[in-house]
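Please read the structure below before turning to the comments.
The values are calculated or read from the model by the stated rules, or taken from the named source; none is laboratory data. Computed from a predicted model, the values in this text were never measured in an experiment. Counting neighbours? That spans all protein chains shown, and the Cβs are built from the backbone with ideal geometry, glycine included.
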Amino acid sequence: MSFESLGLSAPVLQAVAEKGYTTPTLIQEKAIPICLMGRDVLGCAQTGTGKTASFVLPMIDILSEGRAKARMPRSLILEPTRELAAQVAENFEIYGKYHKLNMALLIGGVSFPDQERALERGADVLIATPGRLLDHFERGGILLNDVKILVIDEADRMLDMGFIPDVERIVATLPPLRQTLFFSATMPPEIKRLADRFLSNPKEVTVAPPASASKNIVQGLAVVPEEDKREALRALIKEQDIKNAIVFCNRKKDVAILQGSLKKHGFNAGALHGDMSQPARMETLEKFKQGEIQILVASDVAARGLDIVAMSHVFNFDVPFSPEDYVHRIGRTGRAGNTGHSFTLASPDEGGLVEAIEKLIGTEIPRVEVPGIETVAFEASDGRRRGRGRGRGGSSSSSRSRSSSSRPPREPRPEAEARPEREARPEREARPEREARAPREPRAERPPRQPRPEREPRPEREARPPRERRPERSDRADRPRQDRRERDDTPAPMGLGDHVPAFLARPTR
Ligand code: AMP
């Protein structure tokens, strides 16, 4: 099938051709004609499938007629992370170059006045992370009554990051008569329920079995002692022919430590995690994209959905807590028809997590040895190892192996009953302090606006005594919100999660 047969306008087709795309991907082939008909879409597609263009291209054509009023965007795209939001904005710039659509990007870590100016100009396309959008909404800087198209992208990630209550609040302010495009890499029941609520008679488009790993990725997994992981990683990096690689850690404090360690050993490594300032995140990412940084050590929150052209390798320094994250992590490589490699370093107590991943992807991850590193087995739930590895990788010939990935599996998979309970894992890091919300601009400095929604004057949030702050707002992540995986040592409120009712937070006499 060709792009011409999808019903897109000539200017969009020209922009696509100039980008160098000749054939639509499967999701584009299926979703674009439905979007152009004005129907709701429930898309089950991973990043890397061309999903972004599947909604950006038809939106450009649909929005080409008409003009946005000040602070009343005509379309809204919700993304879980700033990087994804920025990537979607880039897509609009590339494919919309022959249209005069105004765009506003509302993400945390960037100053409010610039974003307010973009809203003031009238945004045909508003791309936002939920937290920052709500901040603008609560400041009265935006009205969503004119939104005709809503895109909820990476819905499962929104769920994972705890954004669904924010998304629900946002959707409740939108006109019910609209077109909704809802995308998720996986469709767990909670996401399906949400889709049922938000969508009206949607056409379902699935381009890959949920949570399947791309066939273009050669996977490997080595079980090594926790204390050998850094050495194992270095050995793998040296052994592999690496163009560029992301190394994922479960905890952001490990991101910094590992980056420091890699640099100390002479590797060209950068770091990306949710506690970094937005300009620093953008700068690191740009350097990585330009090839100035070869190895990017990252947390999940910073790296989800990143589209780095032809990334050769992904390393999991830790086995991700959620099996879906494994699919997303390794999906950073093997994109757009390229072959990629992923290696996971599992410690002996991570057998249960590995088993959950293998269940999800429907296949065993081939076991590999790391040259010079002892291969061990997963622990049984009683803490004992179920059989030992055969010593250090390559030690059978007392020389270091040069081919970890080509080795056959060395250890039998742990018995199901032997896997350690997830609960037995060491506590994850507790939620970190969220980035401070951007200071409010004094109201007097803001341009006069109209129309202004009817609302009670709000007290300045910063002026409130701490105990009177509404916990569900002040503790919200993604200004920028933090991933649940990135936690500090402060335990979360038991049983209530983020949503401590406001009355419980009021001071008592
Ligand atoms: P996405 O799933 O939207 O993150 O896209 C993954 C990658 O595929 C991006 O680098 C896109 O630029 C690229 N891409 C999107 N559509 C096409 C296409 N029709 N042909 C080739 N590459 C594409």
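The table below lists the values:
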read-out	value
Helices (runs of 4 or more DSSP H) wholly inside the range 171-282 that include at least 2 residues being within 24 Å of the chain's Cα centre (by Cα)	189-198, 252-264
Search result, residues across the range 109-168 that are on the phi < 0 side of the Ramachandran plot and of a type in the set (Gly, Ala, Ser)	SER111, ALA118, ALA123, ALA128, GLY131, GLY141, ALA155
Within the range 106-135, tally of residues that are part of a loop (DSSP other than H, G, I, E, B) and over 25 Å from the mean Cα position of the chain (by Cα)	2
Selected residue [away from the ligand (no atom under 13 Å from the Cβ), modelled with pLDDT of 85 or more and touching a Leu at 6+ places or on another chain (Cβ under 6 Å)] from VAL354, VAL319, VAL314	VAL319
Some residue of the range 54-66 being touching a helix residue (DSSP H, G or I) at 6+ places or on another chain (Cβ under 7 Å), surrounded by 24 or more Cβ atoms within 10 Å (Cβ to Cβ), small (Gly, Ala, Ser) and within 22 Å of LEU13 (Cα to Cα)	yes
The lone exception for ALA128 - which of (1) closer than 25 Å to GLY66 by Cβ; (2) without any contact (Cβ under 8 Å) to a residue 40 or more places away in the chain it fails	(2)
Residue check for LEU101: more than 14 Å from the ligand (Cβ to nearest atom), under 26 Å from ILE170 (Cα atoms) and buried (at least 16 other Cβ atoms within 10 Å of the Cβ)	yes
Residue ranges of helices (runs of 4 or more DSSP H) in the range 1-80 with at least 3 members near the ligand (Cβ under 10 Å from one of its atoms) and not assigned by TED's automatic domain parsing to the domain that holds VAL301	26-36, 51-63
